[in-house]
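Some notes on the structure that comes next.
The values are calculated or read from the model by the stated rules, or taken from the named source; none is laboratory data. All of these numbers come straight from a predicted model, not from anything done at the bench. In this analysis, Cβ positions are derived from the backbone assuming ideal geometry, glycine residues included, and neighbour counts consider all displayed protein chains.
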Amino acid sequence: MHDSPTTDVSQLNAEARGLRVIGHTDLNGSGDAMHVNFYDKYAYVGHMGDRSIGTSVVDISDPTNPRVVYQMEKPDGVRTHKVQILGDILLVNQEIYPNAQPDPALPTGFKVFSLEDPTRPNELAYYHMPGHGVHRFKYIEEPYVYMSGSDLGFDRQIFMIFDLSDPANPVEVSRWWLPGMNHGAGEESRWHSGRDVWHHHANIVGDRAYCSWWDGGVVILDISDKSAPKLVKHIILDDLASPPQVSGSVHSVLPIPERNLLIVTEEEIVDDLATQKKYVRVFDISDEQRPRQISILPEPQGDFHTRGGRFGPHNLHEMRAGTYQSVDEVFVTYFSAGVRVYDLSDPFSPRELAYHVPPSPDGKRAIQMNDLIVNSDGLIYATDRHDGGMYIFERTDDWGVR
């Protein structure tokens with residue numbers, strides 16, 4: 001397999017401070033990129049599903065010249081835009097497309113692969129889930145994987161724990177949902193009309209799962225007993241956020257336990273919308289039962305809301321083991337405003353350290369930076385969802401300069 005010609009990265013660094021692109025790949029022309037994880041000298045990139053490609057394997061041994069070495073096609077009718085790797089096991093989600101109706105004939109759920117040969121993932125198992133399938137998961141400790149999965153009776157995804165002691169035979173351990181979600185069992189919705197209440201994904205620290213619940217806000221679960229998760233706190237942003245949370249779409253919930261902080265992103269989900277802003281909020285959770293918002297990360301300044309597509313926050317670098325760790329730095333993808341990096345040394349007054357806004361991919365109105373992960377060497381691997389592919393950034397001397 002031959003990757004597209006190496007990008008002239010000098011053309012990609014015009015709108016930036018503190019960051020520069022050192023490597024780029026358009027993923028062989030399938031640049032609808034999303035989630036990234038690492039194994040050995042390879043990056044595994046999930047795709048939004050705009051084309052037939054579902055997962056790309058990219059050789060990043062030379063980050064200035066990333067090369068696609070293999071691409072897996074996705075099944076028809078689903079997207080496989082999320083990946084998780086622990087040891088030599090790769091997980092890939094299978095979910096119906098946004099606004100599509102569940103169909104029992106669709107292969108929704110997740111697949112498990114062996115990376116014994118990292119350039120040719122070998123399928124070990126497929127676990128079928130009726131409904132929407134898996135949206136995202138967290139696999140950071142053997143043998144458990146935490147996921148937003150589906151089943152009959154639920155409109156959308158709920159929190160689920162699986163045991164992968166035998167990767168070829170995944171076993172469900174437990175599930176948890178907000179009361180009112182199990183319509184199949186006769187539960188009545190407790191939410192206002194128009195609210196979309198479902199579990200997006202969780203970040204795990206010790207015996208706590210910090211869960212984003214879309215329009216349902218934030219849920220903190222006690223998972224000390226994996227067979228019976230228990231509610232610790234349900235944070236409804238309408239009650240705590242300032243300015244008030246209007247429509248929800250809580251996407252990422254990142255704990256910084258050393259500082260009793262919780263970083264919460266709200267995903268912008270509408271193109272060309274300049275009136276209903278989304279934020280990255282900082283909460284103090286030193287008292288889990290009385291969380292309080294203490295600040296908002298500074299919104300990028302400029303004409304981003306007029307460039308086209310979405311303008312607002314999306315994903316965070318979630319500091320999984322083996323990647324870059326910091327209690328003071330927060331890395332955010334901001335759709336048309338590119339990649340932004342913030343300093344949280346004073347959580348009451350966060351400031352921007354760096355940013356990079358790559359130019360629009362050919363034929364697109366604006367960049368739409370989608371997800372990112374920071375490797376242990378400090379290099380940022382970030383993706384664009386509208387054909388840009390994967391970009392690799394490094395720090396420059398003007399990092400942190402106001």
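State which residue is nearest to residue 85 (Cα to Cα) when the search covers only segment 366-384 and only residues that are part of a strand (DSSP E or B) and either touching a His at 6+ places or on another chain (Cβ under 7 Å) or at pLDDT below 95 (or both). Reasoning before the result, please.
Going through segment 366-384, the residues part of a strand (DSSP E or B) turn out to be 369-375, 380-384.
Add one more test, that the residue is either touching a His at 6+ places or on another chain (Cβ under 7 Å) or at pLDDT below 95 (or both), and what stays is 370-374.
Numbers: 370: 19, 371: 16, 372: 15, 373: 13, 374: 15 Å.
By that ranking, first place goes to 373.
Would you check if there is a residue in segment 35-44 being acidic (Asp, Glu), farther than 14 Å from residue 383 by Cα and outside any loop (DSSP other than H, G, I, E, B)?
Checked against the condition, which is being acidic (Asp, Glu), farther than 14 Å from residue 383 by Cα and outside any loop (DSSP other than H, G, I, E, B), segment 35-44 yields no hits at all.
Using the structure shown, decide if residue 73 is among the charged types (D, E, K, R), touching a Phe, Trp or Tyr at 6+ places or on another chain (Cβ under 6 Å) and farther than 30 Å from residue 395 by Cβ. Walk me through it before giving the result.
Working: among the charged types (D, E, K, R): yes; touching a Phe, Trp or Tyr at 6+ places or on another chain (Cβ under 6 Å): no; farther than 30 Å from residue 395 by Cβ: yes.
Here the answer is no, as residue 73 does not meet what is asked.
Residue-by-condition table, conditions (1) buried (at least 19 other Cβ atoms within 10 Å of the Cβ); (2) within 16 Å of residue 225 (Cα to Cα); (3) touching a residue at least 24 places away in the same chain (Cβ under 8 Å); (4) over 21 Å from the mean Cα position of the chain (by Cα):
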residue	(1), (2), (3), (4)
150	yes, no, yes, no
154	yes, no, yes, yes
158	yes, no, yes, no
161	yes, yes, yes, no
164	yes, no, yes, yes
168	no, no, yes, yes
174	no, yes, yes, yes
180	no, no, no, yes
184	no, no, yes, yes
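Which residues, taken from segment 108-129, are touching a residue at least 12 places away in the same chain (Cβ under 8 Å), part of a loop (DSSP other than H, G, I, E, B) and surrounded by fewer than 19 Cβ atoms within 10 Å (Cβ to Cβ)? I'd like the intermediate steps shown before the answer.
Step one: list which residues in segment 108-129 are touching a residue at least 12 places away in the same chain (Cβ under 8 Å), which gives 108-116, 118-121, 123-129.
Still in the running and part of a loop (DSSP other than H, G, I, E, B): 108, 115-116, 118-121, 129.
Within segment 108-129, 116, 119, 120 meet the criteria.
Quick one: in segment 385-402, which of the residues that are touching a residue at least 24 places away in the same chain (Cβ under 8 Å) and farther than 29 Å from residue 85 by Cβ is surrounded by the fewest Cβ atoms within 10 Å (Cβ to Cβ)? Show your work before the answer.
First pass over segment 385-402, keeping only residues touching a residue at least 24 places away in the same chain (Cβ under 8 Å): 385-396, 398-402.
If we keep only those that are farther than 29 Å from residue 85 by Cβ as well, we get 396, 398, 400-402.
On the way: 396: 15, 398: 14, 400: 14, 401: 10, 402: 7.
Among those that are touching a residue at least 24 places away in the same chain (Cβ under 8 Å) and farther than 29 Å from residue 85 by Cβ, it is 402.
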For residue 339: the one exception among (1) buried (at least 19 other Cβ atoms within 10 Å of the Cβ); (2) within 23 Å of residue 208 (Cβ to Cβ); (3) of a type in the set (Val, Ile, Thr): (2)
Is it true that some residue in segment 81-94 is at pLDDT 95 or above, closer than 30 Å to residue 141 by Cβ, assigned to a strand (DSSP E or B) and over 21 Å from the mean Cα position of the chain (by Cα)? no
Looking only at segment 130-142, and only at residues there that are assigned to a loop (DSSP other than H, G, I, E, B) and more than 26 Å from residue 205 (Cβ to Cβ), the one that is nearest to the chain's Cα centre (by Cα): 132
Looking only at segment 317-365, and only at residues there that are basic (Lys, Arg), in contact with a strand residue (DSSP E or B) (Cβ under 9 Å, 6 or more places away or on another chain) and not in a strand (DSSP E or B), the one that is farthest from residue 206 (Cα to Cα): 364
